[in-house]
Structures are given as structure tokens and as C-alpha cells.
Amino acid sequence: MTSSFWSPVVGTLKPYVPGEQPRVANLVKLNTNENPYPPSPWVLKTLEAALRTGLERYPDPESTELRRTIAAHHGLQLGEVFVGNGSDEVLAHAFQAFFQQGLPLLMPDITYSFYAVYCGLYGIPAKTVPLREGLRLQVADLQVPSAEALAGVVVANPNAPTGIGLPLSDIEQLLRQHPNRVVLVDEAYVDFGGQSAVPLIEHYPNLLVVHTLSKSRSLAGLRVGVAMGQRHLVEALERIKNSFNSYPLDKLAQVGAQAAYEDQAYFDRCRQAVIHSREGLSLQLEDLGFEVLPSQTNFIFARHPQRDAAALAAGLRERAVLVRHFRLPRIEQFLRISVGTPDQCQALVDAVRELLALPI
């Protein structure tokens with residue numbers, strides 16, 4: 001559909017397609033990388049208390065107490081922390097604040113697909129670098145001649161949808177390669193085994209690190225994202241935010257997110273439980289003949305050499321198990337499988353074993 005009322009850019013956009021969110025009873029939902037465990041009891045208790053008063057008032061537009069808690073958690077200053085309505089909104093503000101320069105933005109060819117969507121929305125040319133064998137990123141491939149003009153660099157670490165992470169030394173190399181450009185490191189999954197670049201912030205004025213509370217802190221339903229960097233980068237994000245929506249985080253999101261950081265013990269237990277299930281699920285799928293990429297996330301990326309991925313995804317859906325399949329070049333034979341509870345992982349394995357027993 002098109003309309004004469006649309007602005008010219010609307011017809012050119014290829015919007016991001018989120019994972020399916022069906023309302024089906026007894027569904028094993030392993031397609032959108034949510035945490036299989038609920039928020040901590042302390043988060044729920046805090047939210048219950050917050051519901052009883054203050055909802056008639058606007059929330060703190062600066063999310064001061066939440067930002068103070070995040071800053072203390074990471075050893076940063078208050079002015080080095082920015083929060084928004086999910087990491088997708090934070091990323092959108094960052095793309096507009098730093099990369100809307102009429103120059104190419106450098107990124108891997110297989111990565112979080114919202115990056116390309118933001119490039120289309122903001123008119124940013126994308127310059128992609130192919131992942132190498134095994135769908136691995138080589139930081140050396142992101143080096144360009146010093147005379148070549150770039151808007152900046154964006155990498156997801158660990159990468160999505162491959163799940164493969166880069167060591168901190170590679171991120172530091174990338175920052176040194178591009179000292180005059182913002183390097184955005186999207187660490188949505190870093191708590192499941194990756195190395196965070198946050199400790200590098202004090203040394204590199206071009207580093208912006210983005211986190212989300214949707215994965216490791218079980219708050220996908222509250223929509224809280226975080227950006228961390230030196231003050232001059234955070235101020236740019238604040239200028240964009242306050243020109244777009246002065247109140248991006250409501251009261252419940254602010255207090256719930258703060259409580260999630262305060263319950264470190266619960267966070268550690270859930271994170272370790274997911275990592276343990278991931279390792280077990282990877283081994284089980286390998287025993288069934290799958291190639292499973294090494295993952296430092298709460299999902300695995302796998303393919304079976306004798307079975308079509310789209311057919312496997314469809315067969316799993318018929319058995320009430322949802323996984324994510326991307327119809328994209330180079331990865332169309334992979335399935336991205338979120339790590340669930342032990343029972344959910346076993347349900348997936350049982351359904352896969354049943355499918356593999358069928359004739360090709």
C-alpha cells in the first residue's frame with residue numbers, strides 16, 4: 001500500500017520485523033530471546049509498591065535514581081549514563097545523534113537487522129563488511145584507509161544472530177582504528193558470557209556502549225535500554241531525547257529497572273541457569289547432527305546439514321515450539337533458538353528428534 005499523504009521516506013522504508021508474539025496456550029516460545037525466568041521477587045515487590053501512588057504525576061524525565069544506580073553498578077559517573085525506552089530507542093537516538101552525517105556507517109553484513117532499518121530511516125548509507133568463515137567477524141576487516149570518510153562504526157558484541165563474541169582486545173583495537181569516529185558497541189547479550197567494553201569508556205572518548213534489561217534482567221515487558229559513554233556523547237543523546245520525548249521511561253519502568261540492578265544475587269542465579277541450559281542444549285543438538293555456532297548469548301544459532309531450516313521451523317511450530325528463522329542470504333539454513341528453562345529445552349529437543357525421524 002502507498003498513499004499520497006505519506007512523506008517521501010515512508011515508501012522507501014523496510015521496517016524491522018519483530019519475532020512472533022502469539023497468544024497460544026502451552027506454547028514453548030524460543031523465538032525472541034526473552035529470559036525464560038521471571039523478574040526477581042524484589043522487582044515485583046517494588047513494582048507493587050509503585051502502583052499504589054504517584055501514577056497521576058509525570059515521571060522523573062531524567063530517570064535520575066535509575067541512572068545513579070546503573071552508574072554505581074558500572075563504576076561510572078551519573079553524567080555518563082543515558083536511559084531510554086528499550087535499547088532499540090537508545091540505538092535510534094544514537095544513530096541520529098552520531099551517524100546522520102551523509103557518510104557511510106560501517107557494520108558487519110550479518111548482524112542485528114534493526115541497524116539497516118535505522119540507516120533507511122535516517123538516510124545513512126550502510127557500508128557492510130562480510131563475516132568470514134564460521135560467520136566470524138575479524139576486526140581487521142573493519143579497518144579502512146584513513147582518508148576514507150565514515151560516519152562511524154557499529155558492532156553487536158556478542159553478535160546477533162550468530163551469538164559469537166569478540167574479546168575485549170579486539171574492541172580496543174577497533175577503537176584505536178577509528179579514533180575520530182563513534183564506535184557503538186551493542187552489548188544486548190554480554191551478560192551471558194561476553195566481555196563488556198564499559199571499562200574502556202574512561203580511556204576512549206569515541207566509545208558508546210548500549211545495554212538492555214530485556215535479556216539478562218528479565219524485563220522485556222518494561223522496555224528499558226541504557227547507553228554509557230563519556231559525558232559529551234551522553235549529552236548528545238539527551239539533546240535528541242528531549243527534542244523527541246522528554247518522558248521516555250514511565251515510573252514503573254524506572255523503579256523496576258532500579259530494583260533489578262539492586263538484586264544482584266538473583267541476576268547471577270538466572271544468568272548462570274541460562275548459560276548452563278545453553279551448554280546442555282548445544283550438546284544435545286550436536287548429538288542430533290546439528291552444527292551449532294559457539295554462543296556467548298542466551299540463544300544458539302544452528303543448522304542441520306540434511307534438513308531445510310524453514311521446514312524444521314515449520315515442523316516445530318506444528319508441535320507448539322517456536323524458533324526464529326531468517327530468510328536472508330548466508331543464514332537461511334540456520335535457526336536461532338532462544339535458551340529456555342530445562343523443560344522447554346527438552347521439549348524442543350524431543351520435537352526436533354521427532355522431526356528428524358521423519359523421511360526427508
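The values are calculated or read from the model by the stated rules, or taken from the named source; none is laboratory data. Note that the structure is predicted; figures quoted are calculated from it, not measured. Cβ: placed from backbone, ideal geometry, glycine included. Neighbour counts: every protein chain shown. Surface accessibility is based on the protein's heavy atoms, side chains included, excluding ligands, DNA and RNA. Shrake-Rupley method; radii C 1.70, N 1.55, O 1.52, S 1.80 Å.
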Counting only residues that are closer than 16 Å to His211 by Cα, open to solvent by 60 Å² or more (accessible area, probe 1.4 Å) and not small (Gly, Ala, Ser), region 59-83 contains a total of 2
Taking region 123-163 and keeping only residues that are open to solvent by 40 Å² or more (accessible area, probe 1.4 Å) and under 21 Å from the mean Cα position of the chain (by Cα), one is left with Ala126, Lys127, Thr128, Pro130, Arg136, Gln138
Taking region 170-185 and keeping only residues that are outside any loop (DSSP other than H, G, I, E, B), open to solvent by 10 Å² or more (accessible area, probe 1.4 Å) and in contact with a helix residue (DSSP H, G or I) (Cβ under 9 Å, 6 or more places away or on another chain), one is left with Asp170, Glu172, Gln173, Gln177, Val182
The residue from His211, His232, His203 that alone is touching a helix residue (DSSP H, G or I) at 6+ places or on another chain (Cβ under 8 Å), open to solvent by 10 Å² or more (accessible area, probe 1.4 Å) and modelled with pLDDT of 95 or more is His211
Filtering region 250-281 down to residues that are of a type outside the set (Val, Ile, Thr), within 18 Å of Gln346 (Cβ to Cβ) and open to solvent by less than 20 Å² (accessible area, probe 1.4 Å) yields Ser277, Arg278, Leu281
Exactly one of Val10, Val28, Val24 is in contact (Cβ under 8 Å) with a residue 24 or more places away in the chain, more than 17 Å from Arg223 (Cβ to Cβ), among the aliphatic types (A, V, I, L, M) and open to solvent by 50 Å² or more (accessible area, probe 1.4 Å), and that one is Val24
Ala309 vs (1) under 21 Å from Arg217 (Cα atoms); (2) open to solvent by less than 20 Å² (accessible area, probe 1.4 Å); (3) among the hydrophobic types (A, V, I, L, M, F, W, C): all pass except (1)
Checked region 31-44 for anything surrounded by fewer than 17 Cβ atoms within 10 Å (Cβ to Cβ), touching a residue at least 24 places away in the same chain (Cβ under 8 Å) and within 14 Å of Gln258 (Cα to Cα); matches are Pro41, Trp42
